[in-house]
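J.: This is the structure I want to talk about, given as structure tokens.
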Amino acid sequence: MFPKFEHYFWHYEYHEALENYCDEIRHHFIEAPKFNLKEDELQTELEKWCFFLKHAGELEAIPARLDSGLFRKAFDLTNRANMTSEEWEAYDRTCMWVQDKRGVITAARKRGQQEGREEAKRIARKMRELGFDTEFIAKITGVTLQEVEALNVRN
């Protein structure tokens, strides 16, 4: 774009001769062919983004220096954008399968927690029948003091 300049990044602002009348509008240009840093040379966020933008189409895995939040999202989007319709359908099915499994795990965890609470109450009830102090029962079982006091005890 600008053959007589070596640098790859350009930042333009609009200025009137005597004052900056339009400081909201800025243009940033990256000349990818001029960007030649290697992965281990990347230091700034700008350098990392330039590297990513220049090499995104050829990356099979996210480079270690770019393995963080926004770069991970951009890498995933790039991979999805390059999928065939068959690959997209397989990816979509896999995502749905993962969500289904998460739902099963969440439901199982809730059921397990409920069963654990019921077992704690059963133990609390038995301890109460044996004459243990209600505060002690609450501390040992994790059942609240109010729940321990509300338990029906067979005499």
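J.: Exposure proxy check: F51, F35, F9 ranked by fewest other beta carbons within 10 Å?
T.: Working: F51 23, F35 17, F9 13.
In increasing order of surrounding Cβ atoms, one gets F9, F35, F51.
J.: Let me ask something else. Within the chain, which is the longest segment containing none of the trypsin sites (Lys or Arg not before Pro) that sit in a DSSP loop and have at most 14 other Cβ atoms within 10 Å?
T.: Working: sites that count: K4, K38, R154.
Answer from the scan: 39-153.
J.: What is the distance, in nm, between label points placed 7 Å from the Cα along the Cα-to-Cβ direction at S85 and at D100?
T.: 2.3 nm
J.: Now for a different question. How large is log10 of I(q)/I(0) for the range 85-150 at q = 0.11, 0.19, 0.26 Å⁻¹ when the intensity is taken from the Debye formula with one equal scatterer per alpha-carbon?
T.: After summing over all Cα pairs, the log10 values are -0.46, -0.73, -0.98.
J.: Continuing with this model, one more query. Which angle between 0 and 90 degrees, to the nearest 10, do you get for helix 69-81 versus the longest principal axis of the chain when only C-alpha atoms count?
T.: Approximately 70 degrees, to the nearest ten.
J.: Can you give the extra length, in nm with one decimal, that the chain gains between E58 and Q114 once fully stretched, where that is 0.36 nm per residue apart less the Cα-Cα distance? All intermediate terms of the calculation are to be shown ahead of the outcome.
T.: Working: separation 56, 0.36 × 56 = 20.16 nm, distance 4.97 nm.
So the extension gain works out to 15.2 nm.
J.: Now, a different point. Pop out the ³J(HN,Hα) list for the range 137-149 in order, Karplus 6.51 cos²θ - 1.76 cosθ + 1.60 with θ = phi - 60°, rounded to Hz; leave Gly and Pro as x.
T.: Taking θ as phi minus 60°, the curve returns 4, 4, 5, 6, 8, x, 6, 5, 4, 5, 5, 5, 5 Hz for the range 137-149.
J.: Then there's this: Output wanted: per-residue J couplings in Hz (rounded whole) for the range 42-59, from phi through Karplus 6.51 cos²θ - 1.76 cosθ + 1.60, θ = phi - 60°, x for Gly and Pro.
T.: Per residue, the Karplus-derived 3J(HN,Hα) values read 5, 10, 8, 4, 4, 4, 5, 5, 4, 4, 4, 4, 6, 10, 3, x, 10, 7 Hz.
J.: In whole Å, what are the extents of the chain along the principal axes defined by its C-alpha atoms, from largest to smallest?
T.: 97, 51, 30
J.: Shifting gears a bit: Which distance in nm do the two modelled labels at N152 and F9 give, with both placed 7 Å along the Cα-to-Cβ direction?
T.: 7.3 nm
J.: Which of H27, H55 has the fewest other C-beta atoms within 10 Å, and how do the rest follow up to the most? Before the final figure, lay out the partial values.
T.: Values: H27 9, H55 14.
Taking fewest neighbouring Cβ atoms as first place, the list is H27, H55.
Computed from the coordinates by the stated procedures, all read-outs in this text should not be read as laboratory data. Note that the structure is predicted; figures quoted are calculated from it, not measured. Here Cβ is always computed from backbone atoms with ideal geometry, including for glycine, and neighbour counts include all displayed protein chains.
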